[in-house]
Amino acid sequence: MSTLEARLLAAHADGDGMAMVALYREAAETAPTEAERAFFLTQAHVFAMEVAHPDARTLRDTLVRMGRETPL
């Protein structure tokens with residue numbers, strides 16, 4: 001298990017939504033494929049909305065540019 005995976009599991013266990021946003025974004029940065037990057041950014045966006053994270057809009061905009069979300 002990678003350090004990132006361990007930190008993600010710990011954040012989930014702790015219910016730490018703010019950490020999950022940061023960790024899923026980190027995972028997206030190192031994702032080897034566009035599909036994996038989109039998956040991790042989607043997870044970051046979901047948790048960002050749940051905790052009213054200030055980057056929720058930016059994450060959504062990124063997903064729109066990737067064609068993974070519909071523009072409002």
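The numbers here are math on the coordinates, done by the rules we state, and not lab data. Quick caveat: nothing in here was measured; it's all calculated off a predicted structure. No Cβ is skipped: glycine too gets one built from the backbone with ideal geometry, and neighbour counts run over all protein chains shown.
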Report summary line: For the chain, whose charge dipole is built from +1 on Lys and Arg Cβ atoms and -1 on Asp and Glu Cβ atoms, the candidate among T70, A52, A28 with its Cα farthest towards the positive end is T70
Query raised in the report: Can you give the helix-only mean residue ellipticity at 222 nm for the chain, where every DSSP H stretch with n ≥ 4 adds -39500 (n - 2.57) and the sum goes over all residues, rounded to the nearest 500 deg cm²/dmol?
Result: -23500 deg cm²/dmol
Query - Cβ-defined net charge surrounding E69, 11 Å radius [Lys, Arg +1; Asp, Glu -1] - result: +2
Query raised in the report: When the scattering of the chain is computed by the Debye formula from its Cα atoms alone, each counted once and equally, what is log10 I(q)/I(0) at q = 0.16 Å⁻¹?
Result: -0.52
Query - Within the chain: Cβ-based charge dipole about Cα centre, in debye rounded to nearest 20 (Lys, Arg +1; Asp, Glu -1) - result: 200 debye
